[in-house]
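Take a look at the structure set out below.
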Amino acid sequence: MSDQVIDLYWDSTYAVAVALMTQHPQLNPEDVGLSELAALVIDLPGFRDDFSLVTDQILLDIQTVWYEEATNL
């Protein structure tokens, strides 16, 4: 297994969601607000994008995929 960190960007929705599940398994995506979610994403290893590019829709998309993956939908 590789410990290589992949580069993450705002439009890497699925990869960001998986990284959030890995880094924060104790968190329930439904309990995370958009501001907190943005901070969590920015702090992910490999996150390389510009914070000023994020929109509420991008964050909602990430949160939706995170929720779906965490609940096996």
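The values are calculated or read from the model by the stated rules, or taken from the named source; none is laboratory data. Quick caveat: nothing in here was measured; it's all calculated off a predicted structure. Glycine gets a Cβ as well: all are built from the backbone with ideal geometry, and neighbour counts include every protein chain shown. Each accessible area value is taken on the protein alone, full model and side chains, heavy atoms only, with ligands, DNA and RNA left out. Shrake-Rupley method; radii C 1.70, N 1.55, O 1.52, S 1.80 Å.
Taking the solvent-accessible surface of protein heavy atoms with a 1.4 Å probe, what is the per residue accessible area of the chain in Å²?
65 Å²
Go through E30, E36 and list them by solvent-accessible area, largest first, probe radius 1.4 Å.
Largest accessible area first, the residues go E30, E36.
For region 1-72, what relative contact order do you get, as a whole percent, if you take Cα pairs closer than 8 Å and at least 6 residues apart?
49 percent
Report, by chain and number, residues whose modeled amide H sits under 5 Å from the one on F47, excluding near sequence neighbours (fewer than 5 apart, same chain).
L8
Sort 21-28, 50-57 by packing, meaning the average of other beta carbons within 10 Å per residue, with the highest value first.
Top of the packing list down: 21-28, 50-57.
Lys and Arg at +1, Asp and Glu at -1: add these up for the other residues within a Cβ distance under 15 Å of E36 and post the number.
-4
By how many nm would the segment from M21 to Y9 lengthen if fully extended, with 0.36 nm per residue of separation less the alpha-carbon distance?
Computed gain between M21 and Y9 is 2.7 nm.
Carbon and sulfur atoms: what percent of the 1.4 Å accessible area of the chain do they account for?
51 percent
Just one of (i) 15.8, 43; (ii) 15.2, 51; (iii) 11.4, 35 is Rg and Dmax of the Cα atoms in Å calculated from these coordinates, so which is it?
(iii)
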